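As structure tokens, the structure follows; a few thoughts come after it.
The values are calculated or read from the model by the stated rules, or taken from the named source; none is laboratory data. Predicted model, so just to flag it, every value in this text is computed and none were measured. A quick note on method: Cβ atoms are made from the backbone with ideal geometry, for glycine too, and the neighbour counts reach across all protein chains shown. Heads up: the accessible areas ignore ligands, DNA and RNA and are worked out on the full protein's heavy atoms, side chains in. Shrake-Rupley method; radii C 1.70, N 1.55, O 1.52, S 1.80 Å.
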There are 4 protein chains.
Amino acid sequence: MQKFRGVYAILATPFDEERNLDIPSLESLVEFEIKAGVHGITILGILGEVHRLSDEERSIVTSTVVKAANGRIPIISGTGASGTDVAKLYTKQAVEQGVSGVMIAPPRLVKPNDDAIVAYFSEIAKQCKVPIIVQDEPATYGVYFSVELIARLAKIEGVRYIKLEDPPTPMKISKIRAAVDSDFGIFGGLGGLYCYEELKRGASGIMTGFAYPEFLCQIYGLMESGNPEKARDLFYKVLPLIRYEAQPLVSLPIRKEILKLRGAIKNSTTRPPSTKLDSADRKELDEIITTLRLTETIAELVA
Amino acid sequence: MQKFRGVYAILATPFDEERNLDIPSLESLVEFEIKAGVHGITILGILGEVHRLSDEERSIVTSTVVKAANGRIPIISGTGASGTDVAKLYTKQAVEQGVSGVMIAPPRLVKPNDDAIVAYFSEIAKQCKVPIIVQDEPATYGVYFSVELIARLAKIEGVRYIKLEDPPTPMKISKIRAAVDSDFGIFGGLGGLYCYEELKRGASGIMTGFAYPEFLCQIYGLMESGNPEKARDLFYKVLPLIRYEAQPLVSLPIRKEILKLRGAIKNSTTRPPSTKLDSADRKELDEIITTLRLTETIAELVA
Amino acid sequence: MQKFRGVYAILATPFDEERNLDIPSLESLVEFEIKAGVHGITILGILGEVHRLSDEERSIVTSTVVKAANGRIPIISGTGASGTDVAKLYTKQAVEQGVSGVMIAPPRLVKPNDDAIVAYFSEIAKQCKVPIIVQDEPATYGVYFSVELIARLAKIEGVRYIKLEDPPTPMKISKIRAAVDSDFGIFGGLGGLYCYEELKRGASGIMTGFAYPEFLCQIYGLMESGNPEKARDLFYKVLPLIRYEAQPLVSLPIRKEILKLRGAIKNSTTRPPSTKLDSADRKELDEIITTLRLTETIAELVA
Amino acid sequence: MQKFRGVYAILATPFDEERNLDIPSLESLVEFEIKAGVHGITILGILGEVHRLSDEERSIVTSTVVKAANGRIPIISGTGASGTDVAKLYTKQAVEQGVSGVMIAPPRLVKPNDDAIVAYFSEIAKQCKVPIIVQDEPATYGVYFSVELIARLAKIEGVRYIKLEDPPTPMKISKIRAAVDSDFGIFGGLGGLYCYEELKRGASGIMTGFAYPEFLCQIYGLMESGNPEKARDLFYKVLPLIRYEAQPLVSLPIRKEILKLRGAIKNSTTRPPSTKLDSADRKELDEIITTLRLTETIAELVA
């Protein structure tokens, strides 16, 4: 099985002005991410508005992205569902469509129930031919993954990664590292807000939708090549934007706005219910990008 | 537009032993409900395990039930979704498949947002040719419908009903009745646990999955014909079972177990994650049914 | 250590019209409960509006009730708190004031954390000379007690009981009984709505604020004396009121209203924020009491 | 009435090694904050572990801090409670003890209920002689303050401020500014993570427990004196620490650790249940402080 490491871009799902899937933008977005240097792409996550897509649209997004990537980097698809059977169906379809891995959110539970979560992942894993990434996202799914539960899940054959969105992530990484074998991969999330600490604590990579992925790739590369101070400096440099993007409710529209400004997608449309940026948001965003000289810095990085 | 009143059975979705849709059982269940005297059927609700069905399965359930009912009673379909666009899609498909009404759960919201809820229902209603029932189900959807919000929704053309699962429902009915025009229909829920009080306070009917719908039909009929005391006596008589069925987590497996015992469906299979009855549950259920002489009483009612 | 079994009345805290503690009513309420035949009294629970009392008022309630009971029945006091240190303080004070046991709600947790709960109960138990009852009340405290956690807590010296408000309670009782030693006591709650099943499954008693405790005492007595059928009949008889009292939001005002009607307290005042009964509530309540002939039945029971 | 503006330090409550109140540290902490240049101090907030203090301890903290400040800067005390009566009691006591303002958290509500919140604040305000600050802290209290609700509260005489912890705070400030009169004060929170944007959008100040308050004071001063670019530069400079402190669960122990390192308090003890820092946390903290040259920078600022 393939090994996932590095920067995995969580992909937004582009829509046109009528809120239909914008396939050309989806293709150009994949190109944009690959050009930015990401090591992989994760589709159908929260940022991808997966909960506002029909089953058919999920399928279209998957096939479009797999085809656009054309094997250059691994594609991971979100295939969790409220119930086991639909999660199995989504997983089966995604694997048939050619994804390299699946990221699986917990099922809907009326009450906390670790045994039910273990049963869910076990049953999905039994039929799944690609590595499974557990999606630890309590803010959205209302499910808390204790380290004990993660250790149980890590013993299931095929469950090889976790993506953390449960703060404080640095501390959680240390606890998981102490509890599971070293092969088990951990991706940090939270928009990259703690990516430097996460990597230092043993994260396998950063999986997030930050709209300037070039910087995350640089940070990751510097860490890998033994230059933590340089990584830290770059991290601190872009932190004002990472922080700005991390705001609940407006994170998605901010990122889509940046992706549009950067030419990666045509429209910044999000599907309702979602929050619209106000004029001050746009000014603040512009101020941050200008002040941090992000465009110029990327040009320098490339050069 | 058709007027919905009376007992609306929320339909379970029968599965076979492999957890696939059991179409013959779905058809026989429709027949069972019609024979029991219900005034309508609601499919794809929580009891119908809608959150554990794929889009394709939703469609199959809808077409099967509409065809089986064959116009004898109205079929209402749950067509809400996390996002507006998918809710519109589900609604459009269900209407094309022949349902008489749609029951719409609120969208997924990161924070309380009445304006977003009004926008969601307004946009769905604009394209919807059948009456809309608002699904007030805070325990599942985490959305609270204040009376002020309900009054706003009731002004949207096409939004004509609410189904209440937000206790105390009797008090809420009185408040809604005082705030909206008398044409607006209110269905009680909560498994029928307060159906007598709900009807006295002006409910249009009872919409629930109680597995002995014959009694609810009798209770409703007695209320309609001006015999509240007889309605109350019958309600009190079956209350031990109504209460027993109302237990969180096991409500669904209890009802499927009864439906199987009564021959309405072939298997009591539920999709995971869901709770299995233990042996004491089955004994308790049997004790209640036997003690209350439910089988005999129905035979007498029919005779 | 004393053994708690039977019907434990959760005591309301009576207020006068200015919302001050009504000490004479508190004393007469204790007398009312003892006369009704309860085996013990639990003060400072949710029904006692403990979260709307100052520390000084908590202390006054405790000393008043202990003095009024005068050793005739055990008094259990709610002494949990958001933090360990205050819970220890409350526990120490209550024990010094003469209570026979303490009921301890979980601490406030930002995230689920079984170890923190075990540490909290362990530290309290270490200094506590009376038995501890774990208060399993997820609806109020947002803390879920899994059977695994309960088994861990049951191993702490001094933690000898649990009071369940986590439905379905009958099933949970069976699971706990299978997981902990038989000395560990389990009290059912939920307003008595499942008390018959709870007792059959091995509950040690019923701990709730039902305003006609005489019936619970009869039901418990019939179960103890080997007359489950008679117990069940009586339970079914009063079920319409048990159910009516069990409504969220209005449960407290309904019970205070009944206690006032029955002469146990002078005013039905509740402290804000709390819900006021509407006129229909009062009529419904009156209808239930009249129809069930509760007053007459109690007179017969006594005679 | 006094006008609150600028940087208000939310005060930690120092404990000794036995977890008792450490009065000398509390006094030195007040001195530390005043020396740092804060415009006011807020006691008995979440960071002050108010929910883990007894009523008596609350009173001791208040009197100690008021006495230590000795009128040099305003002291604001958290006096909200689960119920109206206790909130009134806390408020009355705090005002008698000499605080200049009170910060009031919402009451405990079983369901969302704007009317109950308005009634709660109205009743408290009626008897309160100092300005009231509404504490908008949904993560802790589970109560969401819509802009409509805030506009209603702002009309209550005496309710003159809101402290925001409901992200995205910049957008919320703009919405509140458009909805209420310009006299109504708004304090940003969230550990200062968006303080630059908050101040630009019209915040009256920053109310948070950031352990290097000198920087917040500088940022605020630069904004006030018309130097937003310099304010922004300084904000960006200290952002790595602001971000680090903002982590859920460990925010409190990190801040107490820094306060100890800086000599403001003697012990970093927190009351349980609370999270302990691990060794990597301490290293990360040290790395941030060293890298950012915080100690040296403050020396330069002072010089």
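In the range D:106-128, what residues are in a helix (DSSP H, G or I), surrounded by fewer than 17 Cβ atoms within 10 Å (Cβ to Cβ) and more than 8 Å from chain C (Cβ to nearest Cβ)?
First, pick out the residues of the range D:106-128 that are in a helix (DSSP H, G or I): D:114-126.
Then keep just the ones that are surrounded by fewer than 17 Cβ atoms within 10 Å (Cβ to Cβ); that gives D:115, D:118-119, D:123, D:126.
The answer is D:Asp115, D:Val118, D:Lys126.
Let me spell it out: the conditions are (1) in a helix (DSSP H, G or I); (2) closer than 22 Å to D:Arg262 by Cβ; (3) within 12 Å of another protein chain (Cβ to nearest Cβ), and D:Asp85 meets all of them except one. Which number is the exception? Single failed check for D:Asp85: (2). Summed over the range C:147-176, residues that are at the interface with chain B (Cβ under 10 Å from one of its Cβ atoms) and either among the hydrophobic types (A, V, I, L, M, F, W, C) or out of contact with any helix residue (DSSP H, G or I) (no Cβ under 9 Å at 6 or more places or on another chain) (or both) total 2. For D:Asp278, the conditions (1) within 21 Å of A:Thr169 (Cβ to Cβ); (2) open to solvent by 50 Å² or more (accessible area, probe 1.4 Å); (3) touching a Lys or Arg at 6+ places or on another chain (Cβ under 9 Å) are fulfilled apart from (2). The residue that is nearest to the other protein chains (Cβ to nearest Cβ), among those in the range C:71-82 that are more than 24 Å from D:Glu18 (Cβ to Cβ) and open to solvent by 30 Å² or more (accessible area, probe 1.4 Å), is C:Gly71.
Here's the yes/no breakdown for (1) in a helix (DSSP H, G or I); (2) farther than 20 Å from B:Thr295 by Cα; (3) touching a Cys at 6+ places or on another chain (Cβ under 9 Å); (4) within 12 Å of another protein chain (Cβ to nearest Cβ):
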residue	(1), (2), (3), (4)
B:Glu229	yes, yes, no, yes
B:Val238	yes, no, no, yes
B:Arg243	yes, no, no, yes
B:Glu257	yes, no, no, no
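Scanning the range C:159-195 for residues that are under 15 Å from the mean Cα position of the chain (by Cα), over 12 Å from C:Ile206 (Cβ atoms) and of a type in the set (A, V, I, L, M, F, W, C) returns a single hit, C:Ile162. Could you tell me whether the range A:25-32 includes any residue that is surrounded by fewer than 23 Cβ atoms within 10 Å (Cβ to Cβ), hydroxyl-bearing (Ser, Thr, Tyr) and within 30 Å of A:Ala119 (Cβ to Cβ)? No, because not a single residue in the range A:25-32 is surrounded by fewer than 23 Cβ atoms within 10 Å (Cβ to Cβ), hydroxyl-bearing (Ser, Thr, Tyr) and within 30 Å of A:Ala119 (Cβ to Cβ).
So that you can scan it fast, the table gives a plain yes or no per residue for (1) within 14 Å of another protein chain (Cβ to nearest Cβ); (2) in a loop (DSSP other than H, G, I, E, B); (3) farther than 19 Å from B:Glu56 by Cβ:
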residue: A:Ser59; (1), (2), (3): yes, no, no
residue: A:Leu89; (1), (2), (3): yes, no, no
residue: A:Met103; (1), (2), (3): no, no, yes
residue: A:Val130; (1), (2), (3): no, yes, yes
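Against the list (1) within 21 Å of the chain's Cα centre (by Cα); (2) part of a loop (DSSP other than H, G, I, E, B); (3) within 14 Å of chain C (Cβ to nearest Cβ), the condition D:Leu252 fails is (2).
In this structure, does B:Val95 turn out to be among the β-branched types (Val, Ile, Thr) and either open to solvent by less than 20 Å² (accessible area, probe 1.4 Å) or within 17 Å of the chain's Cα centre (by Cα) (or both)? Here the answer is no, as B:Val95 does not meet what is asked.
When only residues in the range C:134-146 that are open to solvent by less than 30 Å² (accessible area, probe 1.4 Å) and hydrophobic (A, V, I, L, M, F, W, C) count, which is nearest to D:Lys111 (Cα to Cα)? Before you say what the answer is, go through the steps one by one.
If we filter the range C:134-146 for residues that are open to solvent by less than 30 Å² (accessible area, probe 1.4 Å), which is where we start, we get C:134-137, C:143, C:145-146.
Still in the running and hydrophobic (A, V, I, L, M, F, W, C): C:134, C:143, C:145.
Details: C:Val134: 25, C:Val143: 18, C:Phe145: 23 Å.
Top of the filtered list is C:Val143.
Residues of the range B:210-227 being more than 27 Å from B:Thr13 (Cβ to Cβ) and either open to solvent by less than 10 Å² (accessible area, probe 1.4 Å) or part of a helix (DSSP H, G or I) (or both), which ones? If the condition is that a residue be more than 27 Å from B:Thr13 (Cβ to Cβ) and either open to solvent by less than 10 Å² (accessible area, probe 1.4 Å) or part of a helix (DSSP H, G or I) (or both), then B:Gly221, B:Leu222, B:Met223, B:Glu224 are the ones that fit.
Restricting to the range B:268-303, count the residues that are outside any helix (DSSP H, G or I), away from chain A (no Cβ under 14 Å) and out of contact with any Pro (no Cβ under 7 Å at 6 or more places or on another chain).
3
Mind checking which residues of the range C:1-24 are open to solvent by less than 10 Å² (accessible area, probe 1.4 Å), touching a helix residue (DSSP H, G or I) at 6+ places or on another chain (Cβ under 9 Å) and touching a residue at least 60 places away in the same chain (Cβ under 8 Å)? I'd like the intermediate steps shown before the answer.
Of the range C:1-24, the ones open to solvent by less than 10 Å² (accessible area, probe 1.4 Å) are C:4, C:6-9, C:11-15.
Filter again for touching a helix residue (DSSP H, G or I) at 6+ places or on another chain (Cβ under 9 Å), leaving C:6-7, C:9, C:11-15.
Matches in the range C:1-24: C:Gly6, C:Val7, C:Ala9, C:Leu11, C:Ala12, C:Pro14, C:Phe15.
Whether a residue is open to solvent by 10 Å² or more (accessible area, probe 1.4 Å) and within 14 Å of chain A (Cβ to nearest Cβ) was assessed, and D:Ala179 passes this test.
Any residue at all in the range C:61-70 that is closer than 24 Å to C:Ala139 by Cα, open to solvent by 30 Å² or more (accessible area, probe 1.4 Å) and at pLDDT 95 or above? No; the residues of the range C:61-70 include none that is closer than 24 Å to C:Ala139 by Cα, open to solvent by 30 Å² or more (accessible area, probe 1.4 Å) and at pLDDT 95 or above.
Screening A:Leu193 against (1) within 14 Å of chain D (Cβ to nearest Cβ); (2) hydrophobic (A, V, I, L, M, F, W, C); (3) under 23 Å from A:Val102 (Cβ atoms); (4) crowded, with 24+ Cβ neighbours inside 10 Å leaves a single unmet condition, (3).
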